Amino acid sequence: MSTEIDLDEHPAKTKRPYFLTFVGLLTIAGLISLPFVAGEPDGDKMPDIVRFLGHFHPFILHLPIGIFVLILCQEFVALFSRHKPYRSILPAFLGAASAVTAMLTGFLLYQGGGFEGSELVEDHLWGGLAFACAAVLTFIVKIWSAAPGSSQALYRILVLASVGVMTYASHDGASITHGKDYLTEYAPDSIRKLLGLEPKEKTEEIPVKPLEEQIVYADIVQPILNKRCVQCHKEGKSKGKFRMDSYEMLVKGGKEGDGIEPGNAEDSNIVYRTELDEDDEEHMPPEGKKDIEDHELAIIKWWISEGADPEKTVADLDLPDEIREAIGKLDRSISKGGDAGTGDKPKANTPSDELRAKVAELSKDFPGGLTFESQSTSNLTFTGVSLRKNLTDDLFAKLGSVIPKMVTVDLSASSVTDASVALLASATDLRMIRLSETGITDAAIDTLVKLQKLESVNFYGTKVTDEGVKKLSALPNLKRLYLWQTDVTPAAIEELQKALPEVEIVTGI
Ligand code: HEC
């Protein structure tokens, strides 16, 4: 190839960088074909090395961001000062190489499973891919324009474009790890309005049951296990073939047999493993993970000694002072007295196995969307936020059998219509619903007025009208109503406020 160099046309002594260009183009082709050749991610089949390398993604991704910001500053300075353009191709090379590495580790993380069906994650995947390709292209253009006197225009345009794509991809990425509104979460309403966001929604406080009424397993023990152990011992990631995310699994145990021996704490494998010397290879949690606290272990041992019953409440068991103290130390709020707020106390009806199974089954279609409100209720909360526009009426209809259990539902920014809201007629315990930025109309309100427990309704950015919202005055428990960016007129809002003096109507004004 290098024999083709035409010295007459190119008097500079530089060789034309055919080889690097070829490698660059090959890299781009490889990256683009990656999602197509790799197939669907399947966490269970992936060797651990995939996850191991994938876990480097959150570190590596900061490199290309830093390098590209630096390049951008360099070019900015060069553009506005009389400096000669920076000729070194090193920053562009490092930018491209780190972008490709970030992309590849991110892809392995994705292949390791657990993100299936999340539109946000898929968006981020394509964003990262586009950025890596743009970064390589930027490098290719840089090596062709490195010779003295070459125009830097195309290079600069590509740097700018890469930074643009990078910003988009990293925003999606941050939304995945920190939640969609991480940056704006604490923004004052005035700033949120400028950004076109809806006003802050106050979180509803769920009253906590008095200690005596708490179910020892569901309200106290399982949350400890969730915090310390479940991350490695759950469905899809059951180390030692041992799952600790449900009572049945806990008893069933793993490779080594039963996880717990009711009535016998010392012989229970979960206690045995946690009490082993920290240097012992079998000690749980493994080295590097935060150890379980003494008071947490004391509670678990107490519960097992008392028979490890899944249903019994604190009052049913013999509660020594030191255990009462240990429970008090747990990182959670327990109301001391019986007056736990004004709302209805959550019913202590632990979900049936049938309901658990159903929810687990449905979770395949709604990853992370359908969850129990707490360990000790069969109340469900649903959010379609990660599905966004992919959440259609047809998909929502799949939830039919569990809709009556729903207490909070978030359908914002999805594709659902009045038809989905009509299905919610059976959710007689529904307390909160968000329909913001959906295609629902006044017809939805006809369904909602039947749900007497509704406390918070969000219609931000919908087509509801004066006629419709008037009917909401039939809701006895309504506390908060969001009507920002709807067609509802100020006059109608005033009238509604008169009919519902207790209700906070949020209009964004
Ligand atoms: C960082 C991941 C991790 C965490 C956190 C963790 N484990 Fe493990 N656990 C493992 C691995 C890996 C194994 C398999 C290797 C072994 O048996 O030592 C295992 C095995 C076990 C076993 C043996 C299961 C069997 O039958 O073979 C028990 C019991 C256990 N863990 C209990 C616990 C308890 C209790 C906690 C919380 C206090 C916990 N683990 C937290 C990774 C973890």
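The values are calculated or read from the model by the stated rules, or taken from the named source; none is laboratory data. These numbers were taken from a predicted model, which means no experiment stands behind them. Cβ coordinates were reconstructed from backbone atoms using ideal geometry, including for glycine residues, and neighbour counts include every protein chain displayed. These accessible areas exclude ligands, DNA and RNA; they are computed on the full protein's heavy atoms, side chains included. Shrake-Rupley method; radii C 1.70, N 1.55, O 1.52, S 1.80 Å.
Assorted remarks:
- Leading residue by the ranking (farthest from the ligand (Cβ to nearest atom)) among those in region 240-282 that are open to solvent by 30 Å² or more (accessible area, probe 1.4 Å) and among the hydroxyl-bearing types (Ser, Thr, Tyr): 247
- Boolean, residue 351 is surrounded by 14 or more Cβ atoms within 10 Å (Cβ to Cβ), within 30 Å of residue 402 (Cβ to Cβ) and at pLDDT below 85: yes
- Residues being within 11 Å of the ligand (Cβ to nearest atom) and touching a residue at least 24 places away in the same chain (Cβ under 8 Å) - total across region 228-239: 4
- Residue 227 out of contact with any Asp or Glu (no Cβ under 6 Å at 6 or more places or on another chain), open to solvent by 60 Å² or more (accessible area, probe 1.4 Å) and either in a loop (DSSP other than H, G, I, E, B) or at pLDDT below 80 (or both): no
- Yes/no for residue 441 being at pLDDT 90 or above, under 20 Å from residue 379 (Cβ atoms) and of a type outside the set (A, V, I, L, M): no
- Whichever residue in region 366-402 is basic (Lys, Arg) and assigned to a helix (DSSP H, G or I) and, among such residues, is most open to solvent (accessible area, probe 1.4 Å): 389
Matching residues to (1) more than 19 Å from the chain's Cα centre (by Cα); (2) under 21 Å from residue 485 (Cβ atoms); (3) at pLDDT 75 or above; (4) outside the structural domain of residue 460 (by TED's automatic domain parsing):
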| residue | (1), (2), (3), (4) |
| --- | --- |
| 168 | no, no, yes, yes |
| 172 | no, no, yes, yes |
| 198 | yes, yes, no, yes |
| 203 | no, no, no, yes |
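- Subset of region 381-432 (residues that are in contact (Cβ under 8 Å) with a residue 12 or more places away in the chain, acidic (Asp, Glu) and under 16 Å from residue 362 (Cα atoms)): 393
- A single entry from 154, 158, 120 fulfils the requirement of being surrounded by 14 or more Cβ atoms within 10 Å (Cβ to Cβ), under 22 Å from residue 389 (Cα atoms) and assigned by TED's automatic domain parsing to the domain that holds residue 54: 120.
Residue-by-condition table, conditions (1) of a type in the set (A, V, I, L, M); (2) closer than 21 Å to residue 414 by Cα; (3) in contact with a Pro (Cβ under 6 Å, 6 or more places away or on another chain):
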position: 445; (1), (2), (3): yes, yes, no
position: 457; (1), (2), (3): yes, yes, no
position: 462; (1), (2), (3): no, yes, no
position: 467; (1), (2), (3): no, no, no
position: 470; (1), (2), (3): no, no, no
position: 492; (1), (2), (3): yes, no, no
position: 496; (1), (2), (3): yes, no, no
position: 500; (1), (2), (3): yes, no, no
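- Entry remark, region 403-443: residues being part of a loop (DSSP other than H, G, I, E, B) and touching a Ser or Thr at 6+ places or on another chain (Cβ under 9 Å) number 16 in total.
- The residue that is nearest to the ligand (Cβ to nearest atom), counting only those in region 287-297 that are within 29 Å of the chain's Cα centre (by Cα) and open to solvent by 60 Å² or more (accessible area, probe 1.4 Å), is 289.
- Residue pairs whose Cβ atoms lie under 7 Å apart, sitting 6 or more positions apart in sequence or on different chains, and linking a residue in region 245-269 that is more than 21 Å from residue 317 (Cα to Cα) and not assigned by TED's automatic domain parsing to the domain that holds residue 359 to a partner that is more than 13 Å from the ligand (Cβ to nearest atom) and acidic (Asp, Glu), are 245/235.
- Long-range neighbours under 7 Å by Cβ, at least six apart or interchain, first residue of a type in the set (A, V, I, L, M, F, W, C) within region 301-312, second crowded, with 17+ Cβ neighbours inside 10 Å and not in a loop (DSSP other than H, G, I, E, B): 302/323; 303/216; 303/217; 303/221; 304/271
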